[in-house]
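The values are calculated or read from the model by the stated rules, or taken from the named source; none is laboratory data. Source: prediction; values computed, not measured. Note: ideal-geometry Cβ built from the backbone for every residue, glycine included; neighbour counts use all protein chains shown.
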Amino acid sequence: MTAIITRVKKKQLSDLMAQDKRADGRGLKDYREMKIEQGIIERAEGSARVLLGKTEVVVGTKIEMGEPFSDTPNEGVLTVNAELTPIASPEFEAGPPDEMSIELARIVDRGIRESKAINVEKLVIEPGKKVFVVFVDIYVLNHDGNLIDASALAAVSALLNTKMANYEIKDGEVHLKPGYEQLPIRKHPITVTVAKIEDKLVVDPQLEEELVMDARITFAIDDDENICAIQKGGSGYFEPNEIFEAAKIAKAKAKEMRKKLNW
Amino acid sequence: MNDKPEKLIDKKGLRLDGRKADELRPVKLEVGVIANADGSAYIEHGKNKILAAVYGPREVHPKHLALQDRTVMKCRYHMAPFSVQERKSPAPSRREVELSKVIRESLEPAVFMEYYPRTMVDVFIEVLQADGGTRCASITAAALALADSGIPMRDLVVACAAGKVDDTVVLDLMDTEDKLGGADVPVALMPNLNAVTLLQMDGILTHEEFEKAVNMALDGCRQIYAMQKEALKQKYVNVSEETKEEAEE
């Protein structure tokens, strides 16, 4: 999974970075053009496609009945999975999820779970026995960097678009009724990834930049501007003041995006 | 196990195990504990009991993973089935896969990877007993095991968590505090370089609380760092005493 970048390209990118410039003309704190489409897969309970520059992610949600976890009998269940489909990059291979896709799914999961985005108490059919299980499946269709932010954005967009079945309980059995209800969503976490390249902090790294970056750090920010999840990644390091600076950038970017998205 | 304490911090500001907010659990470190390994270390951090062993640099397996300009580090964080209350299946969980990745990424910046091209360094971590903060204790032990193996390093890596329980920012959460508390922020540091190599968080924190938690965790790291260096020296003190005894015999 180690993609290769030529030394010439690497030098070019870091020379630009030294002048606060980026290869595609963006400023250091600018996201690429962002497009969100909801409800693109009719068979799914909810769905969304996100384009972040050339990065493309589709998320589909499915809802099934299942058992709650024994330590949370009064809560529905959230399951997030990510597939790095071989369609998306010459580096991706079909097969069981590798550490990259597991990490991606778990970062997105943490943002949704820790912000308490889904009102899981409302997904209980019979406490301790039967609850709704929400499956969030992330499908990466084209990898041009920053899969985390694109996937998190697509996941929340898909959840906002998710319908769940109406039901009634008759003689202890669950019967489905016609019609649908909206999945109860109460928070809208926004995920911002900051990469460190040549001692500069940049948001929304594209693939080339990810290949030369020292490390990245991802913040999930909730509706009240609190931090609800963080993940540092990559084989480099941050100094403490760089972390606090990155947190401030993430807060400001999340605020800006929240306004645009009307979340 | 199901009786949840109402408060995690009492009126005097003391925690369930009697610690103050900024107090570490007792830490015990030992270097050179696995005879077969090229480097090894054992940590007891509170009730956590963790072994780390390093094998390598050695031949890359499978071969196609080899890199021409540096060594490949592989890391496996694994929990013993008996390490937690309910038996954990020995098959690697998604959590263990993620932790293996972030632990590796926390150690790589410390190692001069380019000194050993076309080789592999294996770092194996076995959690024998878990009590909250296993990833941090694992990093502290694994860095010692790497140093013990003799691989050149820029610095040791040391890790410690801080978090929030009952609206108070506290150092080094144990299992109950982690499960019932408001947030957990594990941090790994190379103290001499002031370089943070691991940072994660779950829970909810304001920006002020987050900065406070990170600074508190960094402070905890520096305290454990002193113990780490002492443990590394202690191994050689032990060796020199053994040879002295042999000479006297």
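Here are the numbers for this structure:
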quantity: Odd one out for B:Ile50 among (1) touching a strand residue (DSSP E or B) at 6+ places or on another chain (Cβ under 7 Å); (2) closer than 24 Å to A:Arg216 by Cα; calculated: (2)
quantity: Any pair with Cβ under 8 angstrom, 6 or more apart, that starts in segment B:199-218 at a residue that is under 20 Å from A:Thr193 (Cβ atoms) and facing chain A (nearest Cβ under 9 Å) and ends at one that is among the aromatic types (Phe, Trp, Tyr) and part of a helix (DSSP H, G or I); calculated: B:Met201/B:Phe210; B:Glu211/A:Phe244; B:Val214/A:Phe244
quantity: Residue among A:Ala88, A:Ala105, A:Ala82 that is in contact (Cβ under 8 Å) with a residue 24 or more places away in the chain and within 10 Å of chain B (Cβ to nearest Cβ); calculated: A:Ala105
quantity: Residues of segment A:49-77 that turn out to be in contact with a helix residue (DSSP H, G or I) (Cβ under 7 Å, 6 or more places away or on another chain), in a strand (DSSP E or B) and surrounded by fewer than 18 Cβ atoms within 10 Å (Cβ to Cβ), as a count; calculated: 0
quantity: Flag for B:Leu171 being touching a residue at least 24 places away in the same chain (Cβ under 8 Å) and over 29 Å from B:Leu14 (Cα atoms); calculated: no
quantity: Strands (runs of 3 or more DSSP E) wholly inside segment B:20-97 containing at least 3 residues that are touching a residue at least 24 places away in the same chain (Cβ under 8 Å) and under 25 Å from B:Gln200 (Cα atoms); calculated: B:39-45, B:48-58, B:72-79
quantity: Matching strands (runs of 3 or more DSSP E) fully within segment A:149-263 where at least 1 residues are surrounded by 16 or more Cβ atoms within 10 Å (Cβ to Cβ); calculated: A:163-170, A:190-197, A:200-203, A:215-221, A:227-233
quantity: Single match in A:Lys260, A:Lys232 (criterion: of a type in the set (Lys, Arg) and more than 7 Å from chain B (Cβ to nearest Cβ)); calculated: A:Lys260
quantity: Identity of the residue in segment B:53-84, touching a helix residue (DSSP H, G or I) at 6+ places or on another chain (Cβ under 9 Å) and polar (S, T, N, Q), that ends up nearest to B:Ala147 (Cα to Cα); calculated: B:Thr71
quantity: Residues of segment B:161-198 classified as under 28 Å from B:Val111 (Cβ atoms), among the aliphatic types (A, V, I, L, M), assigned to a strand (DSSP E or B) and within 13 Å of another protein chain (Cβ to nearest Cβ), total; calculated: 10
quantity: Test for B:Met113: is it modelled with pLDDT under 95 and among the aliphatic types (A, V, I, L, M); calculated: no
quantity: Out of B:Val102, B:Val27, B:Val84, sole residue that is within 16 Å of the chain's Cα centre (by Cα), within 14 Å of another protein chain (Cβ to nearest Cβ) and aliphatic (A, V, I, L, M); calculated: B:Val102
quantity: Residue match in segment A:117-136 (condition: closer than 16 Å to A:Gly46 by Cβ, more than 17 Å from the chain's Cα centre (by Cα), polar (S, T, N, Q) and modelled with pLDDT of 95 or more); calculated: yes
quantity: Per-region count, segment A:34-43, residues out of contact with any helix residue (DSSP H, G or I) (no Cβ under 6 Å at 6 or more places or on another chain) and touching a residue at least 40 places away in the same chain (Cβ under 8 Å); calculated: 2
quantity: Filter result (acidic (Asp, Glu) and either free of Cβ contacts under 8 Å to residues at least 60 places away in the same chain or assigned to a loop (DSSP other than H, G, I, E, B) (or both)) within segment B:120-160; calculated: B:Asp131, B:Asp155
